[in-house]
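Reviewing the structure listed below.
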Amino acid sequence: MNNLLQTGQRLGRTWGPLLGIAIVAIALLVVAPAVLSPFRLNNLGKYVCWAIAGVGIGLAWGRGGMLVMGQGVFFGLGGYAMAMHLKLEAAMATGGPDAIPDFMVLYGDGTMPGWWEPFRSGPFTLFAILVLPAIAATILGFAIFKRRVKGAYFAILTQALAVAFATLLVATIKQTGGFNGLNQFTQFFGYNLYDPVNKRMIYSIAAVLLIVCLVVVWQLYRSRFGELLVATRDAEERVRFLGHDPANIKLVAFVVAAVMASIGGAMFAPITGIISPSDVDATASIFLIAGVALGGRSLLLGPAIGALAVGFGRTFLSESFPDQWTYFLGLLFIVVILFFPSGLGSSWSQLTSRLRTKEVAR
Amino acid sequence: MDAFTTPLLAGTATGALLLIAALGLALTFGQMGVINMAHGEFLMAGAYTTFLTQQVVTNTDLSILVALPAAFVVAGSLGLLLEVSIISWMYRRPLDTLLVTVGVSLLLQQLAKDIFGAQGDPVQTPGWLDGNIDVFGYHWPYRQMFTILLAIAALVGLGLLLKYTAYGRQIRATVQNRDLAETMGVSTRTVDRVTFFVGSGLAGVGGVAVSLISGTNPNLGTTYIISAFLVVVAGGLGQLKGTVIAAFAVGIVTAFFTDWFNSSMAQVFTFALVVIFLQLRPQGLFTVRTRGLA
Amino acid sequence: MTEGLSHVFESRPRLVTGTVLAFTAALSLSACGGTKSGESSAVESCVDTSGDTVKLGFLNSTSGAMAISEQTVRDSLVMAIDEINADGGILGKKVEPVAEDGASDPAIFAEKIEKLLTGDCVAAVFGGWTSASRKAMLPVVEANKGLLFYPVQYEGLEASENIYYTGATTNQQIIPAMDFLKSEGVKTLFLAGSDYVFPRTANKIIKQYAEELGIEIVGEEYVPLDDDDWTTQVAKIAAAKPDFVFNTINGSSNVGFVKAYYEQGLGPDNSPIISVSIAEEEAPAMGKDITGQYAAWNYFQSVESPTNDTFIEAFQAKYGDDRPTSDPMEAAYTSLYLYKALVEKAGSFDVDEINASADGVTFDAPEGTVTIDGENHHIAKTALIGKINSDNQFDVVWSSDSPVEPDPFLEGYSWWDPSKN
């Protein structure tokens, strides 16, 4: 009997999360396209982008204990990389292979900075979306973790980074479009961006990417690395005494989180049709954190579902109570952190696991 | 010559403002491990107090002097309220205090918008602060000197409080060893509240100085909070002299970058410098784990 | 397509991972076909005008940093709707407004205008303030073949079939302001602006025209939108001692600028300021008496016309005697009446029919008679320079006398070279 229960639990531990991912996949890829209007589906696509970034935050913060308050930076790296390509695609569709984005003619001197040039290529752009944030996160993470900057210092530094990044974007009008950001895309790798069929395809790509990220994180959590990461979060010194370098463990989680944020940003640009500093600044970064905190940062599905919920709440509340939206967001932080410090999802699973096995979960 | 004096003097004034804002943060962070992201909104509260004071005390020459203690009390009370209602439930969870106060900060900004309107309110500069003296080609505004004097006064006042009063000794005891202080009969809860009141009140005083720069507006706090935190991080915990040096260094360096490039790039470069500095000294300028604050 | 992309993104799939991936890829593939560019399927408008009412969308920021300004636009839009409904509506149909908050965020503007056009099926949308919000809405309104009325002076260099611009473009505000400065005998000019698109573009035009006019630019300073401390930059103005300061600063940053300016001993008698974003609303909020400074607009509350008297009276009756009226408010109010005139001339709410008969549609606005240019969808407006008096009202000291034809791309100005910076 006892054996059976243990086997069941083991099976549940392996297949339970997969079942959860499968349910999310069916909800996003089968149910949502069938029941939502094109406009609402596109909105959902936007929340999915935030959720992709949220999955990474769950890894870094929930499992790794690093409160990343500046994920907007990596969201922005991916978003701007993709947007630069879409902008060039739009220009080249009308002006030939040497055409440059309209805003450089309007606001600049009609020349394009050299570092834009490779983004004419689609494959390079996809490569850059993955590699740019990885490089940036490695340099930054190496600098921060090797010097054992952690906890609140880390959180404040990452937030300051988001402020600096947004300021830099606003100040470089001729190179990045400044405060206006990049917009007026027409096509996505050859597909017309305003055709409803294509919009659904782009939504599906985003949803699939979210599922992929969930599977990747699930694999990481099951691996030895996942255990080391949690151990580092809970007792960094002990991990060090066991012969591992906590800096490297944290660095990996930080880099993976950065790449995921970048993927989210890369899909955000074609789905919303715009990326601007206000989508990547400190406020936007805090907004990303909100969903993860709500859903349960150390769970597998918590961050993603929380991000979807906060995204939906933002649209719903701002449509119903346009002026009160900020109050809800503020209260969300206070209530969740005060009463459900590890998120609604965790409180729920703690409750059920306590009922089932009388064994208190972490 | 003015290419040198302008950034130096203007930067010193900015540094003074950062210092007033950072003192409270350093106190509460150092003593209680609380990261208060709503600290910027206490600056805002100070600025609005100045505006309200000018509605009551219509003599502008006088109203600023009335506004200083008023802003201290208003912002301090807000801080006390925050401590009692929320923060006291989450000591020793610094990251959680950070997130919860992010929520508080959003609430306070929206509240200010609903009470005072999204449009900022004007604050009149008193006659005796309206003017400048020529220092090697820089017309140094009296207002900037006033800000520097305020910072010095805040620093000296805080030093005296910590060194010579009973509360000050209790604060230092709590910082050094909370448990031991408690066994010796110090009510660390009360001490924490006093610290929070004083730290937030100082931000209110800073708000008076900010209102002289740009009047009031609901987003005023967000402009200063990140820089103030960078000052605390760079200065290191446990010693106020680190905060003092870091505040003026950040202020002056930013002013020179502003002069050479522009304000936007200055923010970016200053941030980069702080990160590089932390490479050299990860614990900030000074850190003494179990010594007093003063 | 989907398969190809996800293949690039995925790392090293193990067995389970691979299964899940194949599963999701198959799911998503079944959900999408994909149409290549060029074979785009036409978007059908869902606007229904068969009933007694017609829906119009209001999209302004009522939260966030821009709420300060955009709320005033919302107020005058609401007032114009009330007036039009009391007067029998448009083509006999009552107007039903659908209001949304743009939250000062361009991405939200893009989302909400799509909701208004495809969800609420409004016949036209009124709103937007920042260039960023307009640029974000532009592709959406074009793709959905909708209509947007944009009520704010802006940096020009834009024209869309689906947007009507009822604020000034640069040749109706910036360039006349330079003509005024020339007529005042100005020799040296200092440029101060917020660090974003409008000031940068405006100053690019100003610098080229200044060269043409023989005015020397003695300095150029920018400060980020959310930064209010202008002390260091104003010190440079004090050192340069220009004949005039051209101010393109936006929003609350103006307060910090004006305070620092007077603090440094500057004033209307040595280096006066000419502003393009300080209007009746902002003037009293500076915390300084700015009597004697200048502003360039197309409307001032002090403009004398019968329509303006009724406009001011109606506005203050609705919102309070202490509320001033200003240029963007007037442009928003005018935009609704222009829409009414456009629809009535076309005899239809259909966008194509409206556009076909748009040229020459006029409205006797508070600022004077305005006329739509059917080519670029801007309106001909009279340029005015006002001098602030002690009541925070503007005395008109210079006027272009007749409405200036809109020229958003400055094609009629030989000195303009967009590639020169």
Query - Packing-based exposure ordering (other Cβ within 10 Å, fewest first) of A:Tyr107, A:Tyr203, A:Tyr327 - result: A:Tyr327, A:Tyr107, A:Tyr203
Report summary line: Expressed to two decimals, region B:96-172 has a Cα Rg over Rh, using the Kirkwood radius, of 1.15
Query raised in the report: Can you give me the Cα centroid spacing of region A:180-245 and region B:144-180 in angstrom?
Result: 47 Å
Query raised in the report: Remind me, relative contact order of region B:18-118 in percent, using alpha carbon pairs under 8 angstrom and six or more residues apart?
Result: 37 percent
Report summary line: Rounded to one decimal in nm, the spacing of the 7 Å Cα→Cβ label points at C:Asn389 and B:Ser85 is 4.8 nm
Query raised in the report: Peptides B:52-58, C:49-55, C:237-243: what's the order by average Cβ count within 10 Å, highest mean first?
Result: C:237-243, B:52-58, C:49-55
Requested in this report: Find which of A:Val230, A:Val215, B:Val191 sits farthest along the positive direction of the dipole of the protein assembly as shown, computed with +1 on the beta-carbon of Lys and Arg, -1 on that of Asp and Glu, about the Cα centre.
Outcome: A:Val230
**Report entry** the protein assembly as shown, helix-only ellipticity at 222 nm - DSSP H runs n ≥ 4, -39,500 (n - 2.57), divided by all residues, nearest 500
**Finding:** -20000 deg cm²/dmol
Query raised in the report: Modelled label-to-label distance, C:Tyr413 and B:Leu62, 7 Å Cα→beta-carbon offset: nm?
Result: 5.3 nm
Report summary line: For B:Gly120, the residues 5 or more places away or on another chain with a placed amide H closer than 5 Å to its own amide H are none
Query raised in the report: Could you state the number of Å between the C-alpha centres of region A:76-96 and region C:339-391?
Result: 35 Å
Report task. Give me the distance in nm between label points sitting 7 Å out from Cα along the Cα-to-Cβ direction at A:Phe142 and B:Lys241, one decimal. Result -> 3.6 nm
Query raised in the report: How big is the charge dipole of the protein assembly as shown about its Cα centre, in debye rounded to the nearest 20, if each Lys and Arg gets +1 on its Cβ and each Asp and Glu gets -1 on its Cβ?
Result: 7260 debye
Query raised in the report: In debye to the nearest 20, how big a dipole does region B:2-221 give about its Cα centre with +1 on each Lys and Arg Cβ and -1 on each Asp and Glu Cβ?
Result: 660 debye
Query raised in the report: How large is the charge dipole for chain C, taken about the Cα centre, if only the Cβ atoms of Lys, Arg (+1) and Asp, Glu (-1) carry charge, to the nearest 20 debye?
Result: 1160 debye
Requested in this report: Can you tell me which of A:328-337, B:10-19 comes out highest on packing, and rank the rest after it, using the mean Cβ neighbours within 10 Å?
Outcome: B:10-19, A:328-337
Requested in this report: Using per-residue counts of other Cβ atoms within 10 Å, averaged over each peptide, order C:257-267, B:108-118 from highest down.
Outcome: C:257-267, B:108-118
**Report entry** Cα gyration tensor, chain C - rounded (a/c under 1.5), prolate or oblate
**Finding:** oblate
Query - Residues of type lysines that A:Lys87 reaches as a straight line, Cα spacing below 23 Å, ignoring anything fewer than 8 places off in the same chain - result: A:Lys46, A:Lys174, A:Lys199, C:Lys36, C:Lys112, C:Lys135, C:Lys145, C:Lys420
Requested in this report: Would you tell me the mean number of C-beta atoms belonging to other protein chains that fall within 10 Å of each C-beta in C:89-102, as a whole number?
Outcome: 1
**Report entry** Averaged over B:76-85, number of beta-carbon atoms from partner chains that fall within 10 Å
**Finding:** 0
Report summary line: Note on chain B: contact order normalised by length, alpha-carbon pairs under 8 Å, 6 or more apart, percent, works out to 36 percent
Report summary line: The correct pair for region B:2-221, radius of gyration to one decimal and Dmax as a whole number, both in Å and from Cα atoms, is 18.2, 59
**Report entry** Cβ-based exposure ranking for A:Phe339, B:Phe4, in which fewest neighbours within 10 Å come first
**Finding:** A:Phe339, B:Phe4
Report task. Treat the count of other C-beta atoms within 10 Å as a stand-in for reagent exposure and order B:His139, C:His378 from fewest to most. Result -> B:His139, C:His378
Report summary line: At the level of C-alpha centres, the distance separating region A:98-127 and region C:209-284, in angstrom, is 34 Å
Query raised in the report: In whole Å, what three semi-axes, largest first, describe the equivalent ellipsoid of region A:41-279 built from its Cα gyration tensor (square root of 5 times each eigenvalue)?
Result: 34, 20, 14
Requested in this report: Please give the average number of partner chain Cβ atoms lying within 10 Å of the Cβ of each residue in B:204-217, rounded to a whole number.
Outcome: 4
Report summary line: One checks the Cα atoms of the protein assembly as shown and finds Rg and Dmax, in Å, of 29.3, 99
Requested in this report: Report the one residue of C:Pro199, C:Ser400, C:Ala168 whose Cα lies farthest in the direction of the positive end of the charge dipole of chain C (charges on C-beta: Lys and Arg +1, Asp and Glu -1; origin at the Cα centre).
Outcome: C:Pro199
Report summary line: Honestly region A:121-232 on the Cα gyration tensor test (a ≥ b ≥ c root eigenvalues; a/c under 1.5 rounded, otherwise a/b vs b/c for prolate or oblate) is just oblate
Query raised in the report: Along the charge dipole of the protein assembly as shown, which of C:Phe58, B:Ile152, A:Ala152 sits closest to the positive end, that is, farthest toward it, with unit charges on the beta carbon of Lys, Arg, Asp and Glu (+1, +1, -1, -1)?
Result: A:Ala152
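Coordinate-derived values only; no laboratory data. The structure displayed is predicted, hence computed values, not measured ones. Methodologically, a virtual Cβ is constructed for each residue, glycine included, from the backbone with ideal geometry; neighbour enumeration extends over all protein chains shown.
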